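The values are calculated or read from the model by the stated rules, or taken from the named source; none is laboratory data. From a predicted model like this one, the values you see are computed outputs, not experimental measurements. No Cβ is skipped: glycine too gets one built from the backbone with ideal geometry, and neighbour counts run over all protein chains shown.
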Amino acid sequence: MAKLYNMQRVQGVVIVADGTQMFNNRPVIGIRDVGDATLFTDNRPVLGIEIVSDGATIYNDLPVLGAVRISDGRSLYGNAPVIPVKGADVAVPLPALPLAAGAKIMGLGHSFIGLGAAQTYTAGQTATNGHTGFYENGRTVLSWIKAADGRFNLDMFAELAHPFFAPSSFAAFSGAMGGKSGDCLFPVPGLEAQFPGTLARTAYALGQKPDIVYIDIGYNDIVRSRTLAQILADLDTQVQRIVDAGIYVILQTLSWTNTLDDQPGTDDPAWPGILNGINAWITAQAGREGVMLCNTLALDGPASGISPAMFVDGLHPKPDLMAKRSDILLPVLQGMVSAGETRSLDPLAAYNIFPPKGTPGITGTKTNVTGDVATGMRLVRGTGTSTYVGSKEVVATGNEKQVITITPVNDAQAFHSVTYGLPSALSLTSLGLAAGDWLEIQIPVELNDWAGWDYLDSSIRGPVQIGNTVTVTGGGWTTGNYIGGRNRSLICGSKLWLPTGLTMTNIRLDNLLILRHLCNTGGTGVAKIGAPIIRKLAADPRAAWKLAT
């Protein structure tokens, strides 16, 4: 970016004389790119270049597009001398609400969004040898939105070609997933690869053309000792940059945390006040053009009295809290997007390649369980000695739910589990699939109001693996009751790519759904699992997000 006038930087000027659109879809007239040299086409020095609003009246009531002034005052528009003026980004008009069903929703922020997905990265991994362990899960608000309402496009994709990917940066996700653990609004000096900042990532996010961006950011800026004024200035810039692109913003308030004052003498005593100042600014944005709020302060704010048990580590909400947050966010989104269904939900439709279609019958395989199991399926007790009884619920002819009734037995183990799936792997050829295909999977699940639920996980496995985890534990997240799906009806759904370049012959559906529960709570758990749906997609879903296909 050459500095062309009074040390003002001009961004994105690439040059033609015919008014071809070159910068934010605005025509740039008669400017030649000369790198850092400040010269015009006839070697005259350029005194000022400003990109101004398309059709804005700037001089003598003449609209100026790509205003330029050179050393002799030569006129560049309408034979009138153009005075260097302060340019303004063209604000793309916001579309009318409600948006059509299928609107793309993107989360942008730190770990509260980033924890909605995980992938394993190993050195030497390339785009053709797979992303083992790519999961969508229930650690984030948008996961629950996706499971509750199918009117939104919340597809996310793992890609090593992501411009902000580095092995130390935790994630390489696109589409609906714009969260990075530990990220701030600004790039962290010396750690830009790991924490590039949402402002730096905004251009890439906007390039995917989301319709709504849900922003959850701010904690890490506080603990990196930024002032309230600095944070609010960046947050204001963040919001306006997105709104000016014709995209709606939903701002998430910041919840209680003990991490700002749990180390006296180390933590800055000003930090809690900064958090309150951020929340005050966020709530003051109500009514701002293009901005909606997800105000959860009454649920989880610093003055809410929320139990620390709702957090994993004094900062990160458990999936149960994320689910409750989604109960506040969902009506906001539903008011912005028309009702509709973007998922494939008919288990008896011709497109459903899952065998057995509709999961009817009662002669399935049972291992250490009793009762009826769908024909062609299996139900297997995993850890522990709790009892599991299978039964069926008819939805329609040929379409039946698998019901699992759990009576826990307290045998001193932390948890017990039961797995529902196919008896064996399926060949790709038997399903009409090949490397390069995209799949959509949907599994309806209903859980009763039982305190014993710990988590459920549904997955398709192969050389690549995708999981649709309603709640998940692992690593340092293994203690406590994580269930957020308790007393909810959900659809665990995602999209899976079978990458080219892999030697793939089978796809595993044996662990289609794992129910894990506590064994010391008493009572009875009842899970109802709808007939799974697997559909081969006709087109690459990344195209909707303007990603390379």
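Quick notes on this one:
- Those residues of region 238-264 which are in a loop (DSSP other than H, G, I, E, B) and farther than 28 Å from GLY314 by Cα, in sequence order: ALA245, GLY246, ILE247
- Restricted to strands (runs of 3 or more DSSP E) entirely inside region 361-406, those with at least 2 residues that are surrounded by fewer than 20 Cβ atoms within 10 Å (Cβ to Cβ) and without any contact (Cβ under 8 Å) to a residue 24 or more places away in the chain are 363-367, 387-396.
- Residues of region 201-246 satisfying the condition of being among the small types (Gly, Ala, Ser) and touching a residue at least 24 places away in the same chain (Cβ under 8 Å): ALA205, GLY207, GLY218, SER225, ALA245, GLY246
- The set of residues in region 520-549 being touching a helix residue (DSSP H, G or I) at 6+ places or on another chain (Cβ under 8 Å) and under 20 Å from PRO360 (Cβ atoms) consists of ILE534 alone.
- Residues satisfying the stated conditions in region 210-237, i.e. in a helix (DSSP H, G or I) and of a type in the set (Asp, Glu): ASP221, ASP234, ASP236
- Long-range neighbours under 7 Å by Cβ, at least six apart or interchain, first residue more than 18 Å from ASP155 (Cα to Cα) within region 429-444, second assigned to a strand (DSSP E or B): GLY432/LYS536; LEU433/LYS536
- Qualifying residue in region 332-346 (condition: more than 22 Å from LEU154 (Cβ to Cβ), surrounded by 15 or more Cβ atoms within 10 Å (Cβ to Cβ) and not assigned by TED's automatic domain parsing to the domain that holds ARG486): no
- Among the residues listed as ILE215, ILE274, ILE278, ILE231, the single one being within 30 Å of ALA544 (Cα to Cα) and buried (at least 19 other Cβ atoms within 10 Å of the Cβ): ILE215
- Any hit, region 259-268, residues being of a type outside the set (A, V, I, L, M) and surrounded by 20 or more Cβ atoms within 10 Å (Cβ to Cβ): no
- Test result for THR524, surrounded by fewer than 16 Cβ atoms within 10 Å (Cβ to Cβ), modelled with pLDDT of 90 or more and out of contact with any Gly (no Cβ under 6 Å at 6 or more places or on another chain): yes
- Extreme residue, modelled with the lowest pLDDT, among residues of region 407-430 that are out of contact with any His (no Cβ under 9 Å at 6 or more places or on another chain) and β-branched (Val, Ile, Thr): THR429
- Every test in (1) touching an Asp or Glu at 6+ places or on another chain (Cβ under 8 Å); (2) under 21 Å from GLY197 (Cα atoms); (3) surrounded by fewer than 20 Cβ atoms within 10 Å (Cβ to Cβ) is passed by TYR248 save one, and that test is (3).
- Looking only at residues in region 436-460 that are surrounded by fewer than 20 Cβ atoms within 10 Å (Cβ to Cβ) and within 10 Å of GLY525 (Cβ to Cβ), the one that is modelled with the lowest pLDDT is ALA451.
- Any hit, region 273-281, residues being touching a helix residue (DSSP H, G or I) at 6+ places or on another chain (Cβ under 9 Å), in the same structural domain as ASP211 (by TED's automatic domain parsing) and either part of a strand (DSSP E or B) or farther than 26 Å from LEU333 by Cα (or both): yes
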